[in-house]
Amino acid sequence: MKSVTSLGVFGNPIAHSLSPRIHALFAQTRQDSINYQRYLSTPAHFPRRVAEFFRHGGQGANVTLPFKQQAASLVTKLSDRARLAGAVNTLIPYGNGQLLGDNTDGEGLIIDLKNKGFKVSERSLVVFGAGGSARGIIPLLLEQKPRCLYLINRTAEKAEMLKSQLETLGLVAANRIQVRSSATEIDEPIDLLINATSSSLNGQRLTLPSVLSENASGYDLMYADQPTVFMDQLTQAGCKNVSDGFGMLIEQAASSYQLWMEGERPDTAFVMAEMRAPS
Ligand code: ATR
């Protein structure tokens with residue numbers, strides 16, 4: 001019989017996290033035996049709680065808001081993508097109390113964009129937002145070699161700052177980022193628009209570029225039972241392919257799961273269908 005793998009997620013709030021259900025479904029598809037728990041913490045207690053979890057046999061953990069940045073300063077070693085993101089969502093023990101911090105958010109987005117047929121390579125992109133979420137996805141988007149990545153933020157200076165931070169950290173393709181203070185300043189048709197702001201949380205609209213390409217796609221990192229305001233805006237602007245970030249949530253979890261458990265990537269299509277089925 002396989003032994004039980006002890007996993008968990010740290011956050012605040014954490015009660016509504018879907019991670020235990022997602023990982024239980026992954027375990028079901030691969031016939032693994034896991035125990036995945038939620039851990040509520042505070043910034044003051046977070047380092048000690050994480051250390052205790054691993055000391056008591058924890059074999060892997062996710063980190064969610066508001067601890068992703070704090071986790072990056074806590075680990076022994078950072079993956080390149082976690083270093084560029086300045087944030088960690090996956091903790092992996094590698095002996096003697098040492099922890100590797102990784103970040104699977106950007107990879108989760110890239111895989112979900114591929115699943116949906118939303119092309120990045122050689123396309124013109126707009127990313128809205130210059131906070132933690134934007135920083136997590138931009139390096140991975142640039143790896144796909146888009147023609148251009150326009151970065152737009154409500155506070156334009158933060159977008160400039162993010163670009164120069166990524167340059168300083170050694171992101172080779174950072175010079176492909178073009179900062180604009182408003183989407184209306186873009187004078188070429190845009191193929192893919194990604195919302196990495198928290199505007200949808202407040203139901204607020206963003207100013208869209210004036211020209212979208214005929215087959216433009218839109219992706220909101222947020223997810224909800226109903227289409228987000230950003231998705232509605234894009235549909236009204238004639239975009240036929242719009243998506244929320246639910247697929248990214250499942251795919252980033254699958255990447256974490258694979259890092260801890262090794263072997264094949266779990267069947268995410270099955271998990272997505274199970275989770276979206278009306279209960
Ligand atoms: P996260 O970790 O989710 O990225 P964050 O680091 O606080 O959170 O960043 C939030 C992002 O959403 C920022 O880019 C913010 O813009 P500002 O830098 O100008 O604050 C953006 N944002 C939040 N509410 C917004 C709104 N109503 N319209 C446009 N952008 C908004």
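The values are calculated or read from the model by the stated rules, or taken from the named source; none is laboratory data. Since we're looking at a predicted model, the values are computed, not measured. FYI the Cβ positions are ideal-geometry reconstructions off the backbone, even for glycines, and counts take in every protein chain you see.
For the range 197-223, give me each residue that is of a type in the set (A, V, I, L, M) and out of contact with any Phe, Trp or Tyr (no Cβ under 6 Å at 6 or more places or on another chain). Before you say what the answer is, go through the steps one by one.
Filtering the range 197-223 for residues of a type in the set (A, V, I, L, M) gives 201, 206, 208, 211-212, 216, 221-222.
Once the filter is applied, which keeps residues that are of a type in the set (A, V, I, L, M) and out of contact with any Phe, Trp or Tyr (no Cβ under 6 Å at 6 or more places or on another chain), the range 197-223 yields L201, L208, V211, L212, A216, L221, M222.
Does V271 satisfy being assigned to a helix (DSSP H, G or I) and either β-branched (V, I, T) or over 22 Å from K119 (Cα atoms) (or both)?
Yes: the conditions hold for V271.
Identify, by number, the condition in (1) within 14 Å of the ligand (Cβ to nearest atom); (2) modelled with pLDDT under 95; (3) out of contact with any helix residue (DSSP H, G or I) (no Cβ under 8 Å at 6 or more places or on another chain) that Q226 doesn't meet.
The failed condition is (1).
Quickly run through the range 229-267 and pick out the residues that are among the hydroxyl-bearing types (S, T, Y), closer than 30 Å to E214 by Cα and surrounded by 17 or more Cβ atoms within 10 Å (Cβ to Cβ).
The one that is among the hydroxyl-bearing types (S, T, Y), closer than 30 Å to E214 by Cα and surrounded by 17 or more Cβ atoms within 10 Å (Cβ to Cβ): S243.
Restricting attention to the range 1-44, and to residues there that are among the basic types (K, R) and at pLDDT 95 or above, which single residue is nearest to D267 (Cα to Cα)?
Among those residues, the one meeting the criterion is R21.
Determine whether S213 is away from the ligand (no atom under 16 Å from the Cβ), at pLDDT 95 or above, in contact with a strand residue (DSSP E or B) (Cβ under 8 Å, 6 or more places away or on another chain) and outside any strand (DSSP E or B).
no
Counting only residues that are part of a helix (DSSP H, G or I) and out of contact with any Pro (no Cβ under 9 Å at 6 or more places or on another chain), which one in the range 74-102 is farthest from the ligand (Cβ to nearest atom)?
Of all residues in the range 74-102, those part of a helix (DSSP H, G or I) come to 74, 80-85.
If we keep only those that are out of contact with any Pro (no Cβ under 9 Å at 6 or more places or on another chain) too, we end up with 82-83.
Working: A82: 15, R83: 17 Å.
This residue is R83.
Search the range 116-166 for residues being among the charged types (D, E, K, R) and touching a strand residue (DSSP E or B) at 6+ places or on another chain (Cβ under 8 Å), and hand back the single one that is nearest to the ligand (Cβ to nearest atom).
Once the filter is applied, the top-ranked residue is E160.
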